[in-house]
1. Taking Ala82, is it within 18 Å of His17 (Cα to Cα), of a type in the set (Gly, Ala, Ser) and in a strand (DSSP E or B)?
2. Under 14 Å from the mean Cα position of the chain (by Cα) and of a type in the set (Val, Ile, Thr) - does that describe any residue in the range 73-85?
3. Check Asp34, Asp56 and return the single one that is in contact (Cβ under 8 Å) with a residue 12 or more places away in the chain and not in a helix (DSSP H, G or I).
4. Check Thr89, Thr97 and return the single one that is farther than 22 Å from Val33 by Cα and of a type outside the set (Asp, Glu).
5. Taking Thr127 as meeting all but one of (1) without any contact (Cβ under 8 Å) to a residue 40 or more places away in the chain; (2) assigned to a strand (DSSP E or B), write down the number of the exception.
6. When only residues in the range 18-32 that are surrounded by 14 or more Cβ atoms within 10 Å (Cβ to Cβ) and in contact with a strand residue (DSSP E or B) (Cβ under 7 Å, 6 or more places away or on another chain) count, which is farthest from Phe60 (Cα to Cα)?
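No value in this document is a laboratory result; all are computed from the given coordinates. Only a predicted model underlies this, so the values are computations on that prediction, with no experimental measurement involved. Here the Cβ is made from the backbone with ideal geometry for all residues, glycine too, and neighbour counts use every protein chain on show.
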Amino acid sequence: MTDQSQTRPEIGATVVHRRYVPYSHAHYAGNLVDGAYSLAAFGDVATELCIRTDGDEGLFASYSDVQFTAPVRVGDCIEIEAELVRAGTRSREMIFTVRVVARSAADEPGAAPSAARVLRPPIVATTARGVVVVPPRD
């Protein structure tokens, strides 16, 4: 394991995850996924970012300015990003983004039931700010 005790976390550090949204997560009509799905994904990227910057998973303290700007649907491929924007003694402030990078195209005329397309540009579905707390450094 890398000794993190003598370095400060690098502002601008990012972590990106990608995942497929399974049909088992349909929550509303139209195969919509609830907003909690994005928040859980933010927790996952925040955990990895804390591990990379501090050698510890950290604990989420708060979210602020959560914005649901477009729907996330089952069958979507999403990209979840965390970026470190502030590092205090123990707190780490991050900005988060969920982007839909691919979506089902099965409803398009003549499309196969499994048809999908890459979205260019991706759709920004959710954004937020959050604060994670890590243990004190030795």
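1. yes
2. The answer is yes, given that some residue of the range 73-85 is under 14 Å from the mean Cα position of the chain (by Cα) and of a type in the set (Val, Ile, Thr).
3. On the way: Asp34 fails: in contact (Cβ under 8 Å) with a residue 12 or more places away in the chain.
Just one listed residue meets the conditions, Asp56.
4. Values: Thr97 fails: farther than 22 Å from Val33 by Cα.
On inspection, the qualifying residue turns out to be Thr89.
5. (1)
6. Asn31
For (1) among the small types (Gly, Ala, Ser); (2) under 15 Å from Thr14 (Cα atoms); (3) surrounded by 15 or more Cβ atoms within 10 Å (Cβ to Cβ), each residue gets a yes or a no:
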| residue | (1), (2), (3) |
| --- | --- |
| Thr53 | no, yes, yes |
| Leu84 | no, yes, yes |
| Gly110 | yes, no, no |
| Pro121 | no, no, no |
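One line per residue, one yes/no per condition, for (1) closer than 16 Å to Val124 by Cα; (2) surrounded by 13 or more Cβ atoms within 10 Å (Cβ to Cβ); (3) β-branched (Val, Ile, Thr):
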residue	(1), (2), (3)
Asp34	yes, yes, no
Gly43	no, yes, no
Ala46	no, yes, no
Leu49	no, yes, no
Phe60	no, yes, no
Tyr63	no, yes, no
Phe68	yes, yes, no
Thr89	no, no, yes
